[in-house]
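Novice: Handing you a structure now.
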Amino acid sequence: MKLGQYVHGDSVIHALDPRTKIICCTLAVVSVMISVNVYYLLVLLSLMLAVVMVSRLNLGFILKCIYRIKALLLVTLLCQGLLTHGQPVIIIGGLALTKEGLAIGAINILRLVVLFVGSLILLMTTTPIKLSTGIEALMSPLRRLNIPVQNLTTILGISFRFLPTVFEEATIVKNAQRSRGAQFDSPRIMVKIKSYAAIVIPLFNASLTRAADLGEAMDSRCYNPHPNLLRLGSLKMQGRDFTALTIAAVLFLVAVATTIYPM
């Protein structure tokens, strides 16, 4: 299974309107950004994992994906621990890890994990076409300002479609470079940078080639950037969508309340 790949299913989460999932995800992002209450973040993470179970996604794969960003989480913890003034816990040379910094770092790690799991749920339970259609429907009022909403959603839809492919190619190129002697685990920073540069350059070249091929294919099929008002299926919210929106709104209000009146 690829990171960010849509997983076919017939669960309640899969059946939700894409606009509902986009709005819920947006409210979750705002809630995470404004709240520093660790108990609230733990409750939000627990609800995210419950949604994973309800949608019948592979929980082991989700945990493995979280493990993949361990470097980002560790850097976040160390930066907060070293750059925040407070009571020193560990002193290494002229640097000190503070108790207050580690506490803030732990909260930020929890924030990143919640955001990461929420984005995975959105991408793995919504097809790229439905996702771009939902974004287009939510952004449709901007057409009155002569903003090319159709072009923006087309770009987003193509990006969502090819993200898993890019991740897969990155893994293939990394394995190929490792077989050629690239030292990705070297303790020397410059050696590691050169090794990863051997991934970025061919991956960037392959992405440009794919973009050129896609552009030619769209041009040969007479792609029209103007909005298409005739669709095979129209978006329509049902009772489960309003229930999900209500839960997301309540969680958002709780985040605002915990920010205004901290415990």
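The values are calculated or read from the model by the stated rules, or taken from the named source; none is laboratory data. Quick caveat: nothing in here was measured; it's all calculated off a predicted structure. Methodologically, a virtual Cβ is constructed for each residue, glycine included, from the backbone with ideal geometry; neighbour enumeration extends over all protein chains shown. We work out accessible area using only protein heavy atoms, side chains counted, and drop any ligands, DNA or RNA first. Shrake-Rupley method; radii C 1.70, N 1.55, O 1.52, S 1.80 Å.
Novice: For the stretch 147-206, enumerate the residues that are assigned to a helix (DSSP H, G or I), open to solvent by less than 50 Å² (accessible area, probe 1.4 Å), farther than 19 Å from Thr126 by Cα and of a type in the set (A, V, I, L, M, F, W, C).
Specialist: Matches in the stretch 147-206: Val149, Ala170, Val173, Ala176, Val191, Ala197, Ala198, Ile199, Leu203, Ala206.
Novice: Condition (residue is more than 18 Å from the chain's Cα centre (by Cα) and within 26 Å of Ala248 (Cβ to Cβ)) applied to the stretch 81-89: is it met by at least one residue? I'd like the intermediate steps shown before the answer.
Specialist: Of the residues in the stretch 81-89, the ones more than 18 Å from the chain's Cα centre (by Cα) are 81-89.
Add one more test, that the residue is within 26 Å of Ala248 (Cβ to Cβ), and what stays is none.
Scanning the stretch 81-89 turns up no residue that is more than 18 Å from the chain's Cα centre (by Cα) and within 26 Å of Ala248 (Cβ to Cβ).
Novice: Can you report the number of residues in the stretch 83-93 which are of a type outside the set (Gly, Ala, Ser) and either open to solvent by less than 50 Å² (accessible area, probe 1.4 Å) or free of Cβ contacts under 8 Å to residues at least 12 places away in the same chain (or both)? Lay out the reasoning, then the answer.
Specialist: Restricting attention to the stretch 83-93, the residues satisfying the condition of being of a type outside the set (Gly, Ala, Ser) are 83-85, 87-92.
Within this subset, residues satisfying the condition of being either open to solvent by less than 50 Å² (accessible area, probe 1.4 Å) or free of Cβ contacts under 8 Å to residues at least 12 places away in the same chain (or both) are 84, 88, 90-92.
Going through the stretch 83-93 one residue at a time, the tally reaches 5.
Novice: Continuing with this model, one more query. What are the residue pairs meeting all of these: first residue in the stretch 39-67, first residue among the charged types (D, E, K, R), second residue surrounded by 13 or more Cβ atoms within 10 Å (Cβ to Cβ), Cβ atoms under 8 Å, and 6 or more apart or on different chains?
Specialist: Hits for this filter: Arg56/Gly9; Arg56/Ser11.
Novice: Find all pairs meeting these conditions: Cβ atoms under 6 angstrom apart; at least six residues apart or on different chains; first residue within the stretch 161-187 and in contact (Cβ under 8 Å) with a residue 60 or more places away in the chain; second residue among the small types (Gly, Ala, Ser) and open to solvent by less than 90 Å² (accessible area, probe 1.4 Å).
Specialist: As it stands, the answer is Leu163/Gly4; Pro164/Gly4, since those pairs meet every condition given.
Novice: Give me a count of the residues in the stretch 1-55 that are touching a Leu at 6+ places or on another chain (Cβ under 9 Å) and in a loop (DSSP other than H, G, I, E, B).
Specialist: The total comes to 10.
Novice: If only one of Thr126, Thr133 is in contact (Cβ under 8 Å) with a residue 40 or more places away in the chain, in a loop (DSSP other than H, G, I, E, B) and open to solvent by less than 40 Å² (accessible area, probe 1.4 Å), which one is it? Show your work before the answer.
Specialist: On the way: Thr133 fails: in a loop (DSSP other than H, G, I, E, B).
Only one candidate passes the filter, namely Thr126.
Novice: Listed residues Ile109, Ile104; which is surrounded by 15 or more Cβ atoms within 10 Å (Cβ to Cβ) and modelled with pLDDT under 90? If you could, list the steps in order and put the result at the bottom.
Specialist: Values: Ile109 fails: modelled with pLDDT under 90.
Unique residue meeting the criteria: Ile104.
Novice: Hey, does the stretch 60-82 have a residue that's open to solvent by 40 Å² or more (accessible area, probe 1.4 Å) and among the aromatic types (Phe, Trp, Tyr)?
Specialist: yes
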